[in-house]
Amino acid sequence: MYKYKFGLVINPYAGIGGAVALKGSDGAETRREALARGAEQKAEKRALQALSQLLPYRNEIKFFTAANSMGADILAELGFEYEVVYHSNVSQTEAIDTQQSVMAIVRQKLDILVFAGGDGTARDVASALQESARFLKAKSTSSELANWNPEELPVVGIPAGVKIHSGVYAITPVGAGKVLEQLITGALTTLRAADVMDIDEDAFRQGTVRARRYAELKVPGELEYMQAVKIGGKESDELVLADIAADVIEEMDDNALYIMGSGSTVDFLMGELGHNNTLLGVDVVYQGKIEQADITGAALEERVKQAQAQDIPLVLVITLIGGQGHLFGRGNQQLTPAVIRAVGKENIRVIATKAKLQALNGRPLRVDTGDAELDAQLSGFISVTTGYHDRTMVAVQG
């Protein structure tokens, strides 16, 4: 007999816009365009990574979920006991499917709700929990449900989207599984309120970040595994950024192919080089010129292969996400595992101000490439350029 009632909802289209440079996955048209560009659906794989951590406790859990790729498929693959309580009537699921599935699932009076997606998915979950609370308060004839508030339900988000500004997600899919394992073993004792954040994707595609708080959800208070809300805005200390840029420029080799990641620190460097930069994308610089701007993951893999065939050195310049510390897996999915492997850890140039590193309060940098073996290879210590001829060694964890 199972002890725990878990809910599971997967947004199967979460994150598909990232690797093909669409900078999001919201909206049916964006998803169609992403699929036309050859995007892969990875949300189920990431949910499987998380839930695999619970296999030793398989006989203690029953899941309530949605049909097919919204949850049932991976639960069947992993061998968990589950009950389907929502069926979508469309082939390409929409936000309304996430909302309705959550509303159906939470009527089972769960112990915890698990969902995989991005910030848009988190908004849908929060909206559904709010609507469920209103409905149960006004309509329920069951005294048990009438006195139960779905808005107090603990949730754990499995990161699968392009945009992960919200604090309701675990740092990695494996981290989500660890949080759930701690719940089962009794190690979790506290909950905290975490913000559900999202941005304007149209503005995001134009290089502007407009983040807004939409709601809050209750999450386990395990900061080791649950991520902080992203810090928005550009670095303000231009003198420090100028020193960092001067150090990188001094070492640049015109014969090398430079892959320039996203973020305001790299944006400043590109400005010092005299280039227009794709602030929230990935650009390729070769022999002092922008060869390809806002490149997709597939196109970047092909360009890297060409460079390797011609013995052209590869250098990847990236920064970390402020407040979270992610190097890979948040907003830069164009940097695929194949690209990162080709470059090699020794040729990854991380640049950041010391203030940005100090804001992590001792937490390590994070990598979440979607490839567990690669994440392990990237773990350890990495040198971060924090000024002119100034380096800081920082721990990296997958």
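Of the strands (runs of 3 or more DSSP E) lying entirely inside segment 234-308, those containing at least 1 residues that are of a type in the set (Phe, Trp, Tyr) are 257-260, 283-286. Determine, yes or no, whether LEU188 is touching a Pro at 6+ places or on another chain (Cβ under 9 Å), modelled with pLDDT of 85 or more and either more than 24 Å from ARG213 (Cβ to Cβ) or in a helix (DSSP H, G or I) (or both). So LEU188 fails the test. Considering only segment 166-181, state which residues are touching an Asp or Glu at 6+ places or on another chain (Cβ under 9 Å), buried (at least 24 other Cβ atoms within 10 Å of the Cβ) and either part of a helix (DSSP H, G or I) or not assigned by TED's automatic domain parsing to the domain that holds LEU113 (or both). PRO173, GLY175, VAL179, listed by residue number. Has segment 130-147 got any residue that is in contact with a Leu (Cβ under 9 Å, 6 or more places away or on another chain), surrounded by fewer than 23 Cβ atoms within 10 Å (Cβ to Cβ) and at pLDDT 85 or above? No, segment 130-147 contains no residue that is in contact with a Leu (Cβ under 9 Å, 6 or more places away or on another chain), surrounded by fewer than 23 Cβ atoms within 10 Å (Cβ to Cβ) and at pLDDT 85 or above. Would you confirm whether or not segment 84-93 contains a residue that is aromatic (Phe, Trp, Tyr), free of Cβ contacts under 8 Å to residues at least 40 places away in the same chain and in the same structural domain as LEU113 (by TED's automatic domain parsing)? Scanning segment 84-93, I find at least one residue that is aromatic (Phe, Trp, Tyr), free of Cβ contacts under 8 Å to residues at least 40 places away in the same chain and in the same structural domain as LEU113 (by TED's automatic domain parsing), so the answer is yes. Contact annotation: residue pairs with Cβ atoms under 8 Å, 6 or more positions apart or on different chains, pairing a residue in segment 248-260 that is touching a residue at least 60 places away in the same chain (Cβ under 8 Å) with a partner that is surrounded by 10 or more Cβ atoms within 10 Å (Cβ to Cβ) and assigned to a loop (DSSP other than H, G, I, E, B), are ASP253/PRO313; ILE259/VAL282; ILE259/LEU335. When ALA76, ALA104, ALA43 are checked against the criterion of being more than 21 Å from ASP368 (Cβ to Cβ) and crowded, with 19+ Cβ neighbours inside 10 Å, ALA104 stands alone in meeting it.
Is it the case that segment 6-17 has a residue that's modelled with pLDDT under 60 and crowded, with 24+ Cβ neighbours inside 10 Å?
So far as segment 6-17 goes, yes, one or more of its residues are modelled with pLDDT under 60 and crowded, with 24+ Cβ neighbours inside 10 Å.
Can you go through ASP73, ASP124, ASP97 and tell me which one is of a type in the set (D, E, K, R), under 17 Å from ARG46 (Cα atoms), under 26 Å from the mean Cα position of the chain (by Cα) and at pLDDT 90 or above?
That would be ASP73, the only listed residue that is of a type in the set (D, E, K, R), under 17 Å from ARG46 (Cα atoms), under 26 Å from the mean Cα position of the chain (by Cα) and at pLDDT 90 or above.
When segment 230-255 is filtered for residues that are buried (at least 17 other Cβ atoms within 10 Å of the Cβ) and at pLDDT below 65, the ones remaining, listed by number, are LYS230, GLU235.
The values are calculated or read from the model by the stated rules, or taken from the named source; none is laboratory data. Predicted model only: the values in this text are computed from it and were never measured. Here Cβ is always computed from backbone atoms with ideal geometry, including for glycine, and neighbour counts include all displayed protein chains.
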